[in-house]
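As structure tokens, the structure follows; a few thoughts come after it.
The values are calculated or read from the model by the stated rules, or taken from the named source; none is laboratory data. Computed from a predicted structure; not experimentally measured. No Cβ is skipped: glycine too gets one built from the backbone with ideal geometry, and neighbour counts run over all protein chains shown.
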Amino acid sequence: MKISYNWLKKYISIDNINAEQISSILTYSGLPVKNIKKILYEEEDYILDVEITPNRADAMSHYGIARELYTVLKFRGYTVNLFKPPVIVHKNENIDNHIQIFIRENIKCIRYSGMSIYKIRIEPSPRWLVYRLKSVGIQPINNIIDVINFVMYELGQPIHVFDMDKIEERKIIIKNAKENIDFQSSDGLTRKLDEEDLVIFDAKKPLSISGIINSVQSDIHENTENIFLGSAYFNPVFIRLIRKKHLIQTESQFLFERGTDPNQTVYALKRAYFLIKEIITKRKIDHQIYDIYTSPIYPSTIKIRYNKVGNILGKKISKKKIKKIFSLLEIVIHSENEKSLFVEIPLYRIDVKREIDLIEEILRIDGIHKIKISDNIKISPIPNCFYKTEHKIQKILFEQLVCYGFQEIISSPMIDEYKNSDLLNSFFKREEIKIINPINQNYKTLRTSLLFGMINCMRYNCNKINYYNSNIKLFEIGKIYYKKNNKFLEKTYLGIAFLQKEEKKCEGYKPFFYLKGIIEQIFQKSGIYNYTQIFSKHPLLENSVSILYNKKNLVELGKLRSNIFRKNEIFYAEIDWEYLISILQKKRITYVPFSKYPTSRRDLSFLVDKNIHFEKMNQLIKKKENHVIKKIQIFDFYEGKNLPHSKKSYTISFFFESQKKTLTEKTINNSMKKIEFFLKKELKAEIRDKK
């Protein structure tokens, strides 16, 4: 919502506080300001773009923001005053043309207030009013419509206006429409109304749909002399239903849907009359006020406990300070004792309904920045039953993938043979299943891998502008289907795909290892450590790796061979979901304290034959010398110029740590000597350097 700084100053004395300070105050009190724009229109002004949550209907106006600022500033010790917009209404009893108001739907229309104004003149608005409206993005129309818009942005109360001479028999009837009524609205559309729609009628025709959009027959025009203003409180639920049904989006609908103040309907009319009288100075204007409030809404009473405030906020706040905050928020204290207060909530605060809401108000006004953060870190242990259900496991792992920037997709289990012919011709050793009676002749094969859906999704998104300069990261869980030994089989897999744009590559970045790292992070989160890696011969993946757990295949990982995307590379991993779930459901969570003793690192460089991979070295070292080695990782790898053709160079980092004591140089050096011995003996390695 746009708030004018100069407009705001009409209701609160903040001349000594600039727009940037107001922005900071509003942000810290729960109404964040996105940006501040400086404008110059007759006078210098600042426009604050305030992000107001739907439950804070009380702050959706200039006076509402001023009231919020007054509370915060007054609590902080500023000398500040709040000025309510003035109204002057002299009741006129000499008017014979009274309007009769009838409410037939008390649940949908709780209160309806009206005002008839006579002998007005439609003309352009004065300069100050034009400026106020333009500053918040509203285009001026004429003096009457502009006053109504001004009051709505000033107080947050919508007002609708009718040409009173077009109201048949001087009757306003709020009721449900009859079935199949044509309603020609002021936006140029014709809508079909039915028995569920709340409509404002006169004696013969519809005038407005719930006060949010008028009929063209009831609108005022340049020759209008007498008008009727309506100000109501409608049930927000029914306004929301009307908005969805008829696709109506107006400022009035926006406010009604979030909940206005039922005690402000008459005051808003008086304010509009005051402004109209100020503008039209050459005529004596007569008026009459009407108010129907059949089922009054009464303020709710809430009990708040002092000890609960301290427990929730983590600090003690004095009773005097709590009472002061409530007084500034216009929350009336009905009764109190040593342990609690009973308070009455003003009707305009529709968001305060429970004790916890009151505690939030105390925190908001007192200042969330005053809550001190404890130096102690507290962790709630996760129970061992945590991994018992597949749903919980799926939720945790999917949240982890989303945090890494991946997006979940859901694709069809039927694949387009034409689009995926290059994949089908060489995919796996799985015999695909044909659909006997397909709906579409192209989609007559069930997928044998989740990769088909991911390829199609990437192909589609690569044509979108917003993906030109970004990578695409997807994941999907679903079933695959294939035949084996004349049996129909289906298995659930988790597919993870990553499209790397070649122009985005940077030196030292390896997308294969990035995706492999994601898999390893999933394993670490799941408590899977004792896995092995072997090179596999996958028909579609280059340099593919199989990750085994208990000698059974858990993951296939590699780069897609097929050149489907020009200048792009696709890396794909497929996890056997059913096997992963079975592993995790047997796992028990254990907690190991951090070692109190320092970690030591040693690097070792050596040459080995090209056909020897890191995983083989890793498994050998873990098997022979694992009691003090915490972690082993590749620091550097090289093959090519200045090395024998059959050799490659590794630099491996070893991290040593003990839970019992600080490791001495002698212990670490002895361990490194054993590692060198194993590498020389088992792998014929040539040691080059050690640090």
*Give segment 1-43 a look and list any residue that's under 20 Å from VAL80 (Cβ atoms), touching a strand residue (DSSP E or B) at 6+ places or on another chain (Cβ under 7 Å) and not aliphatic (A, V, I, L, M), or say none.*
SER4, TYR5, ASN6, TYR11, GLU20, SER23, THR27
*Would you tally the residues in segment 661-691 being in contact (Cβ under 8 Å) with a residue 24 or more places away in the chain, of a type in the set (D, E, K, R) and farther than 15 Å from LYS624 by Cα?*
7
*asked:* Considering only residues that are at pLDDT 80 or above and either assigned to a helix (DSSP H, G or I) or loosely packed, with under 11 Cβ neighbours inside 10 Å (or both), which ones fall in segment 369-397?
replied: GLU390, HIS391, LYS392, ILE393, GLN394, LYS395, ILE396, LEU397
*Take segment 109-166 and flag every residue that is of a type in the set (Asp, Glu) and more than 40 Å from the chain's Cα centre (by Cα).*
GLU123, ASP163, ASP165
*Is it the case that some residue within segment 346-361 is modelled with pLDDT under 90 and surrounded by 12 or more Cβ atoms within 10 Å (Cβ to Cβ)?*
no
_Filter result for the condition that a residue is at pLDDT 90 or above and either touching a helix residue (DSSP H, G or I) at 6+ places or on another chain (Cβ under 6 Å) or surrounded by 12 or more Cβ atoms within 10 Å (Cβ to Cβ) (or both), over SER595, SER600_ = SER600
*asked:* For the condition charged (D, E, K, R), assigned by TED's automatic domain parsing to the domain that holds ILE122, crowded, with 21+ Cβ neighbours inside 10 Å and touching a Phe, Trp or Tyr at 6+ places or on another chain (Cβ under 9 Å), what is the one hit in ASP219, ASP197?
replied: ASP197
*If you go through segment 138-189, how many residues are assigned to a helix (DSSP H, G or I) and at positive phi?*
2
_Can you list residue pairs whose Cβ atoms sit under 8 Å apart, with the first residue in segment 310-327 being more than 15 Å from GLU361 (Cβ to Cβ) and the second being of a type in the set (A, V, I, L, M, F, W, C)? Count only pairs 6 or more apart in sequence or on different chains._
GLY310/ILE317; GLY314/ILE371; LYS315/ILE371
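I'd like to check something: does segment 276-295 contain any residue that is under 22 Å from ARG67 (Cβ atoms) and of a type outside the set (Lys, Arg)?
no
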*Has segment 56-73 got at least one residue that is among the basic types (Lys, Arg) and in the same structural domain as TRP128 (by TED's automatic domain parsing)?*
no
*Filtering segment 190-226 down to residues that are hydrophobic (A, V, I, L, M, F, W, C), part of a loop (DSSP other than H, G, I, E, B) and in contact with a helix residue (DSSP H, G or I) (Cβ under 9 Å, 6 or more places away or on another chain), which residue is nearest to PHE238 (Cα to Cα)?*
ILE212
*asked:* One residue is enough: does segment 441-462 have a residue meeting the conditions surrounded by fewer than 16 Cβ atoms within 10 Å (Cβ to Cβ), assigned by TED's automatic domain parsing to the domain that holds LEU557, modelled with pLDDT under 80 and over 24 Å from GLY558 (Cα atoms)?
replied: yes
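Condition check ((1) touching a strand residue (DSSP E or B) at 6+ places or on another chain (Cβ under 9 Å); (2) over 22 Å from LEU31 (Cβ atoms)) across all residues:
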{"site": "SER318", "(1), (2)": "no, yes"}
{"site": "LYS323", "(1), (2)": "yes, yes"}
{"site": "SER327", "(1), (2)": "yes, no"}
{"site": "HIS334", "(1), (2)": "yes, yes"}
{"site": "ASN337", "(1), (2)": "no, yes"}
{"site": "VAL343", "(1), (2)": "yes, yes"}
{"site": "PRO346", "(1), (2)": "yes, no"}
{"site": "ILE350", "(1), (2)": "no, no"}
{"site": "ARG354", "(1), (2)": "yes, no"}
*From the list ILE632, ILE612, which one is surrounded by 11 or more Cβ atoms within 10 Å (Cβ to Cβ), at negative phi, without any contact (Cβ under 8 Å) to a residue 24 or more places away in the chain and not in a helix (DSSP H, G or I)?*
ILE632
*asked:* Suppose we keep only residues that are basic (Lys, Arg) and closer than 13 Å to GLN533 by Cβ within segment 615-629. Which one would you say is surrounded by the most Cβ atoms within 10 Å (Cβ to Cβ)?
replied: LYS616
*Members of segment 11-36 found to be over 25 Å from the mean Cα position of the chain (by Cα) and either among the hydroxyl-bearing types (Ser, Thr, Tyr) or in a strand (DSSP E or B) (or both), listed by number*: TYR11, ILE12, SER13
*Say we look at segment 44-94 and pick out the residues that are closer than 16 Å to GLN264 by Cα and surrounded by fewer than 13 Cβ atoms within 10 Å (Cβ to Cβ); which of these is modelled with the lowest pLDDT?*
ILE88
*Take the residues of segment 267-302 that are among the β-branched types (Val, Ile, Thr) and without any contact (Cβ under 8 Å) to a residue 60 or more places away in the chain: which is surrounded by the fewest Cβ atoms within 10 Å (Cβ to Cβ)?*
THR281
_Based on this model, can you work out whether TYR509 counts as surrounded by fewer than 17 Cβ atoms within 10 Å (Cβ to Cβ) and modelled with pLDDT of 80 or more?_
no
*Kindly list the number of the only condition in (1) more than 26 Å from LYS37 (Cα to Cα); (2) crowded, with 18+ Cβ neighbours inside 10 Å; (3) among the acidic types (Asp, Glu) that fails for GLU168.*
(2)
*Scan (1) assigned to a helix (DSSP H, G or I); (2) modelled with pLDDT of 95 or more for the single condition TYR112 breaks and write down its number.*
(1)
*Quick one: how many residues across segment 411-438 are modelled with pLDDT of 75 or more and either part of a loop (DSSP other than H, G, I, E, B) or surrounded by 17 or more Cβ atoms within 10 Å (Cβ to Cβ) (or both)?*
11
*So which pairs qualify, if the first residue must be in segment 249-266 and within 16 Å of ARG56 (Cβ to Cβ), the second must be aromatic (Phe, Trp, Tyr), the Cβ gap must be under 7 Å, and the two must be at least 6 apart or on different chains?*
PHE256/PHE234; THR260/TYR233; ASP261/TYR348
*Just need a number here: residues in segment 655-691 that are among the β-branched types (Val, Ile, Thr), in a helix (DSSP H, G or I) and closer than 24 Å to ASN611 by Cβ.*
1
*Could you list all residues from segment 312-345 that are crowded, with 17+ Cβ neighbours inside 10 Å and assigned to a loop (DSSP other than H, G, I, E, B)?*
ILE317, LEU329, ILE331, ILE345
